[in-house]
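Some notes on the structure that comes next.
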């Protein structure tokens, strides 16, 4: 963003730029802010396939799934993932 605009942005300016367009921002999102919902969506989207592939295996439940789902739920953003 700074390279495109040829200017440096303060923390406040970055926060405003990351707001959705409807809220007066530019809709720019940090890639790291997408990591958790991307992981959860990937895990949820492949859960049935994983179950079918591993049906005959003794595989422990993924400990990260529940921990990260609780973290996401606590952040108040769960409503953005309708299938969870």
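The values are calculated or read from the model by the stated rules, or taken from the named source; none is laboratory data. For clarity, every value in this text was computed on a predicted model and none was experimentally measured. Because the Cβ atoms are built from the backbone with ideal geometry, glycine has one as well, and the counts that use them run over all protein chains shown.
Name every residue in segment 1-20 that is surrounded by 10 or more Cβ atoms within 10 Å (Cβ to Cβ), assigned to a loop (DSSP other than H, G, I, E, B) and out of contact with any helix residue (DSSP H, G or I) (no Cβ under 7 Å at 6 or more places or on another chain), in order of residue number.
Those that are surrounded by 10 or more Cβ atoms within 10 Å (Cβ to Cβ), assigned to a loop (DSSP other than H, G, I, E, B) and out of contact with any helix residue (DSSP H, G or I) (no Cβ under 7 Å at 6 or more places or on another chain): 18, 19, 20.
Here is a check on your reading of the model: is residue 67 part of a helix (DSSP H, G or I) and out of contact with any helix residue (DSSP H, G or I) (no Cβ under 9 Å at 6 or more places or on another chain)?
Yes: the conditions hold for residue 67.
Of all residues being within 19 Å of the chain's Cα centre (by Cα) and over 22 Å from residue 76 (Cα atoms) in segment 27-58, which is modelled with the highest pLDDT? Just the residue, please.
So the residue we want is 46.
Give the residues of segment 21-46 that are surrounded by 11 or more Cβ atoms within 10 Å (Cβ to Cβ) and more than 28 Å from residue 66 (Cα to Cα), sorted by residue number.
Of everything in segment 21-46, those that are surrounded by 11 or more Cβ atoms within 10 Å (Cβ to Cβ) and more than 28 Å from residue 66 (Cα to Cα) turn out to be 25, 26, 27, 28.
State all residues of segment 21-44 that are without any contact (Cβ under 8 Å) to a residue 24 or more places away in the chain and part of a helix (DSSP H, G or I); if no residue qualifies, say none.
21, 22, 23, 31, 32, 33, 34, 35, 38, 42, 43
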